[in-house]
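The values are calculated or read from the model by the stated rules, or taken from the named source; none is laboratory data. This structure is a prediction, so every number in the text was calculated from the model and none was measured. Cβ sites come from the backbone with ideal geometry, for glycine too, and all protein chains shown count toward neighbours.
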Ligand SMILES: Nc1ncnc2c1ncn2[C@@H]1O[C@H](COP(=O)(O)OP(=O)(O)OP(=O)(O)O)[C@@H](O)[C@H]1O
Ligand code: SF4
Ligand SMILES: [Mg+2]
C-alpha cells in the first residue's frame, strides 16, 4: 500500500518518578500513523493515552515525568525526519513543529487557551501564521471557524476571554484553534466528551473535512467506541501503559483477539442489542504495583500459568493486526521481534 508515514513512535517509555515509586505511564509503546488516516486510541482511565500524546507533543510535565533513554518519536512530515525526543520542549524547532505541523486538542481546554487573550485573538494568530492573510481576513476566518464549531453569536464571542465561556464552549474554541492551523498531524484527546451529540457530530464532520482537504493524520483518543466505529481507520488499544492490540477498525470490532479488547467491547451498549452488558471485572492496577507477567492477568478470564509468569510479547496475527497476549501464540500468531 502506498501510504506515507507521518509519525513513528518506538520504544516510547514515559515514566514519572514519584514518592510512591516509578509510574510507568507509557511503557514500551510502538506505533505508526500515516497521512490521511485516523488512528483511534482506546483504553480505560489511566492507561497512558494522554501521556502518549503529550510525549509526542513534547509536553510531558517536568521534572517528575521523563522519557526514558531509547524512546524514539520521529516526525516525517518535513523534508528531513525530525526526532522529537532530541528537541528541548521550549526550543524554536519544537515550537515551530507544534505551531505549524502538529496540533493537539487537549482533554482540559485551559491547557492550550491562554487566559489573558480573547479567544478570537488566539485563533486569529493561528490563522495569520498559517494562511498568510491580513488581520481583517483572519478575523473573518476566525469568526467563521467559531461558527463552524457550533458556538452561537460568533461575532460577539470572538472578543470574549476564555473565562467568559462555559466549559463546553471553551472546548469548542480550542478545537477551532487547533483546526485553524491546518495541521498535518492532529491529536484529539477526548475532544467531544463534554459536548452534546449534535455538536459532537458537527465537530467530527469538521475534522473529516480537514482530513479530506489536507490529508491530515489524526490520532483520536476516546472512551467512546461508537465514535471510534464512525471515524477510525485503525484502532490501538492501551492497557497499563502498553499497547495490547492494534488492528483495522473492522478487525477490532468483528475479530478482536485480546481479552481486554473483548471486555471493552462487551461493556458498551449497542443499539438494538438486548444482551446484558458485561463490565470488565476488577479495576486498572496501580501503576506502581503492577503484577508479574501479563498486567491484565488478575482481571482476565483466560489467564494461564504462563500469563502470571511472563509478560507476553506482541504477536502478529496478520500484517495489520497485532496482539500482546499468550493466547495469540497458541492461535499461531508470529512473534513480532521489533
Ligand atoms: N504528573 C503526573 N505525576 C504522576 N503520575 C502521573 C502524572 N500524570 C499522569 N500520571 C499517571 O500516568 C498514568 C497515565 O495517565 P494518562 O493521563 O496518560 O491516562 P489516560 O489514559 O489519558 O486516562 P484518562 O482516560 O483518564 O484520560 C496514570 O496512571 C496517571 O496517574
Ligand atoms: S496473556 Fe494471558 S492473562 Fe494476559 S490477556 Fe492474554 S490470556 Fe489474559
Ligand atoms: Mg487522558
Would you check which residues across region 149-162 are part of a helix (DSSP H, G or I) and touching a residue at least 12 places away in the same chain (Cβ under 8 Å) and list them? 155, 157, 162
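Results for (1) away from ligand 3 (no atom under 16 Å from the Cβ); (2) assigned to a helix (DSSP H, G or I); (3) buried (at least 22 other Cβ atoms within 10 Å of the Cβ), shown as yes or no for each residue.
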| residue | (1), (2), (3) |
| --- | --- |
| 79 | yes, no, no |
| 95 | yes, yes, no |
| 103 | yes, no, yes |
| 107 | no, no, no |
| 129 | yes, yes, no |
| 141 | yes, yes, no |
| 147 | yes, yes, no |
| 168 | yes, yes, no |
| 188 | no, no, yes |
Look at residue 213 and say whether it is farther than 26 Å from residue 128 by Cα and surrounded by fewer than 21 Cβ atoms within 10 Å (Cβ to Cβ). no
Would you confirm whether or not region 192-200 contains a residue that is more than 16 Å from the chain's Cα centre (by Cα), more than 16 Å from ligand 1 (Cβ to nearest atom) and either at pLDDT 90 or above or closer than 26 Å to residue 129 by Cβ (or both)? no
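Rundown of residues vs (1) away from ligand 2 (no atom under 15 Å from the Cβ); (2) in contact (Cβ under 8 Å) with a residue 60 or more places away in the chain; (3) part of a helix (DSSP H, G or I); (4) over 30 Å from residue 76 (Cβ atoms), yes/no style:
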residue	(1), (2), (3), (4)
223	yes, yes, no, no
226	yes, no, yes, yes
235	yes, yes, no, no
256	no, no, no, no
262	no, no, yes, yes
287	yes, yes, no, yes
290	no, yes, no, yes
If you go through region 1-10 one residue at a time, do you hit one that is over 15 Å from residue 83 (Cα atoms) and surrounded by 21 or more Cβ atoms within 10 Å (Cβ to Cβ)? no
Residue count, region 285-338, condition within 16 Å of ligand 1 (Cβ to nearest atom) and over 21 Å from residue 246 (Cα atoms), comes to 7
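For every residue, the table says whether it meets (1) surrounded by 18 or more Cβ atoms within 10 Å (Cβ to Cβ); (2) within 15 Å of ligand 1 (Cβ to nearest atom); (3) within 30 Å of residue 19 (Cα to Cα).
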site: 37; (1), (2), (3): yes, no, no
site: 43; (1), (2), (3): yes, yes, yes
site: 52; (1), (2), (3): yes, yes, yes
site: 57; (1), (2), (3): yes, yes, yes
site: 67; (1), (2), (3): yes, yes, yes
site: 70; (1), (2), (3): no, no, yes
site: 75; (1), (2), (3): yes, no, no
Count of residues meeting criterion [free of Cβ contacts under 8 Å to residues at least 40 places away in the same chain, touching a helix residue (DSSP H, G or I) at 6+ places or on another chain (Cβ under 8 Å) and within 18 Å of residue 31 (Cβ to Cβ)] in region 48-97: 2
Matching residues in region 284-314 (farther than 21 Å from residue 29 by Cβ and in contact with a helix residue (DSSP H, G or I) (Cβ under 7 Å, 6 or more places away or on another chain)) number 6
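How many residues does region 315-337 contain that are outside any helix (DSSP H, G or I) and touching a helix residue (DSSP H, G or I) at 6+ places or on another chain (Cβ under 8 Å)?
Result for region 315-337: 6.
Going residue by residue through region 238-252, is there one that turns out to be farther than 27 Å from residue 17 by Cβ, modelled with pLDDT under 95, in contact with a helix residue (DSSP H, G or I) (Cβ under 8 Å, 6 or more places away or on another chain) and surrounded by 13 or more Cβ atoms within 10 Å (Cβ to Cβ)?
no
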